[in-house]
Every structure is written in structure tokens, then in C-alpha cells.
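Encoded as C-alpha cells, the structure appears first; notes follow it.
Only the coordinates and a few stated rules stand behind these numbers; no lab work does. Just so we're clear, the structure is a prediction, and the values are computed from it rather than from any experiment. Every residue, glycine among them, receives a Cβ derived from its backbone with ideal geometry; neighbour counts consider all protein chains shown.
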């Protein structure tokens, strides 16, 4: 990164007078400003949760599992594999950590006893809510600065970044909020 094109003040990207929310899309190349803003936004969006997870010996994979089980209690292992697009082996390692730590419990399905349904324990719910609270506060602050009326446009923008075959409708479904 070159200091002449991007200066960091308090670890936030700043462009001085040239920085504008209404800056036009560059006609002949990538929009490096938005790319950099996404890098920095992601870094800070996951940074605080990463520190909380580290206290438990967990990482981002654990965070994703906690998040989706929290949002969909009773989710099957197969459904979670589809959402996360990871291998059974990767999920098994993460689930083992979460089950052993008392954050997740697995129950047999009512109709098919071979099915494993995933639920957060009260300890898991507290951790998932804490993580969501951190990220929710960051989103609320950003929406407060940009105006809550812009939320549909922001949600649409983020959904458009997701490959269409991966189900962007999850990100924009008002019932999922």
C-alpha cells in the first residue's frame, strides 16, 4: 500500500477532499477505493468478535457455525454444510470444539434418528448474541451515519456481491432480519 494514495488515520481509510460518497465509478479499471474500504470494513467487522472468540480458543469458522445455528435452531448438519460450503471434516472439527465446550448440542431427528439437529445451549446462545451484538452495533452506527433509509440500497449492494447461485435472497429477505 502506498502512503501517497491512501493515508491511514486511526486505522481508517481517508482520502481527504477527494473522498466522496458520490464519487463516480472509475471508467477504466477497478474501483480501488471501494475495494480498500471493503478490506478495512471486513477487518474491523470481524476484529472485535475475533478477540472474543480467541478467549475461548475459537476462530472465524466457529463464529460462522454459531451464527447460523443461532439463526436456525434445529438446523441439520447437512443444511449447515450447504450454507457454509465446507467439508464434513472441517465442520466436524469445529462442531467437536463447540460441543465439547458446551456451546452446541446435537440431537437426533424426530422422524429420522440418523439426522443430527444442531441447537445452541444457553452458553452458546450467550456467545452468539454477544458476537451479533458487537457486529450489530457496528452496523447500527454505520446506518446512523449514512441514514437508515439507505438500508435497502446497502443490503442490495451487499447481496449483489454474493454469487447468485449461493442464495443472495437470504441476505435481502426481510423475514431473515
Q: Would you mind stating whether residue 75 is in contact (Cβ under 8 Å) with a residue 24 or more places away in the chain, under 16 Å from the mean Cα position of the chain (by Cα) and within 28 Å of residue 137 (Cα to Cα)?
A: no
Q. Where in the range 59-177 are the helices (runs of 4 or more DSSP H), entirely inside, with at least 2 residues that are farther than 30 Å from residue 31 by Cα?
A. 60-71, 77-84, 88-100, 122-146
